[in-house]
Amino acid sequence: MQAADRGHTRWGIILPFLALPVVVLGVLIIGLFLWAWSDDDEADGGKRTGAAATVPCTEALAFGAAEPPANARAHDCTVQRGIDTAYSAVLRMPREDVRDWLRETYPNGPKARTGGGACGALCLDVTHENGLPGTAEAHVVQVRVEYENAETALVRFSAFTM
């Protein structure tokens, strides 16, 4: 009987010491997994990386060194952050004011071109190499214009880093 008691006693003492590292390691692995999959992102002020968030339209336009046109209604302004940052804005404005606004906003940029298809009625692509002002945080600005009717233009503005 003495041998049986001794074996039982030995495992009774050793088992808690063996189980402790396994439990600690398991808690650490589960904690790391939960931290990695959490939606909390303090650096973005609570915004999830990669998800589009609504922003003021002045912020979206300013990222591309633009100001809202005087007679425009801006809406649907968003930012998406990840490896790069991309702002977008949708403007409705008088059709006759579009070219002047583009010329005033990007005086050193290329001329707006007429197109069709993906370009719409009017397109403009501006980079730092071809006239984007130094105040722009974006690397590229793309403007796509569609004429809704004889008086109104729908302007899709995109400014992003690369």
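The values are calculated or read from the model by the stated rules, or taken from the named source; none is laboratory data. All figures in this text were calculated on a predicted structure; none of them were measured in a lab. Side chains are part of the model used for accessible areas, which takes the heavy atoms of the whole protein and leaves out ligands, DNA and RNA. Shrake-Rupley method; radii C 1.70, N 1.55, O 1.52, S 1.80 Å.
Taking 0.36 nm per residue of sequence separation and removing the Cα-Cα distance, the residue 128/residue 67 pair yields an extension gain of 20.2 nm. Remark: accessible surface ordering of 103, 95, 113 (largest first) is 103, 113, 95, probe radius 1.4 Å.
Taken over the alpha carbons of region 58-125 as equal point scatterers, the Debye sum produces base-10 log I(q)/I(0) values at 0.23 Å⁻¹ of -1.20. In the context of the full protein assembly, residue 147 retains an accessible surface of approximately 80 Å², using a probe radius of 1.4 Å and ignoring ligands and nucleic acids.
Rolling a 1.4 Å probe over the protein heavy atoms leaves residue 99 with an accessible area of roughly 90 Å². Here the contact order of region 61-155, divided by its residue count and restricted to Cα pairs under 8 Å and six or more residues apart, works out to 28 percent.
Ordering 85, 54 by accessible area with a probe of 1.4 Å, largest first, what comes out?
Per-residue accessible area, sorted high to low, gives 54, 85.
Residue order by solvent-accessible surface for 23, 55 is 23, 55, largest first, with ligands and nucleic acids left out and a 1.4 Å probe.
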